Amino acid sequence: MLLVGHTSSGKNTSIEYFFNNINTPRYLKTLCSFGERISLQDTISIFERRIDKQRRSKNSVGPALGKISMVYINDISMASRDSSGDQPSLELMRQWFVMGGWHDMRGFKRVEDIAFCSSCSQAEKIPVRLMRYMNPVWSSDEEDWPRPALKSYLTYCLGNGTYVDSLLKISFNLQKIVAKEFKPCPGQ
């Protein structure tokens, strides 16, 4: 899941509230932030050092057997770019989502029993190759602010055509009608 919203829109507060209200010892919680200088090795160490409490095998990363680790990464869009403009930290995460692990210098590492959640303020800075494996949830009072990110995603999926703009216009109009007509039930 990817929480998207402007600064101070309650993304971190929502996740921290959720994490603090899970009192089951089965779940391990890891909170961390991406910054402009986070490297690929920093990202790997987040998973290998903070999560790998009990190594299952030398080729896997995960919590002790019978436990589930929940990882929250704040500001995922802040991952640094290398000289060619790529974001290796995000590419590593894409490998995890697609292949169930990633390749490092020692071979393939399988990622087991880890649930992932992240947040960002600018979804358009996240590569579409990664975005397609996430479930974005927008949090904002402004009407059309997710439009650039959605347009980029739809153009990638459907190709560049006039129907992308039409689809966005229809979707936002439908959302406005639903928000206006379907009021929340009182007492719920």
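Throughout, read-outs are computed from the coordinates displayed, never taken from laboratory work. Note that the structure is predicted; figures quoted are calculated from it, not measured. Don't worry about glycine lacking a Cβ; one is built from the backbone with ideal geometry, like all the others, and counts go over all protein chains shown.
The string of couplings for the stretch 97-112 from the Karplus curve (6.51, -1.76, 1.60, θ = phi - 60°) is 5, 7, 9, x, x, 8, 8, 10, 5, 9, x, 8, 10, 7, 9, 10 Hz, one whole number per residue in order, with x for Gly and Pro. Were the residues from Arg49 through Arg132 laid out at 0.36 nm apart, the gain over their Cα-Cα distance would be 27.1 nm. The calculated FRET efficiency for Gln122 paired with Ser166, based on their beta-carbon distance and R0 = 25 Å, is about 0.50. Between the amide H of Lys29 and those of Met70, distances stay under 5 Å, these residues lying 5 or more places away or on another chain, with hydrogens modeled in the peptide plane. Label-to-label distance, Phe19 versus Ser80, with points set 7 angstrom from Cα along the beta-carbon direction: 2.3 nm. Remark: the stretch 1-104 projects, on average over all directions, an area of 7.5 nm² (convex hull of Cα atoms).
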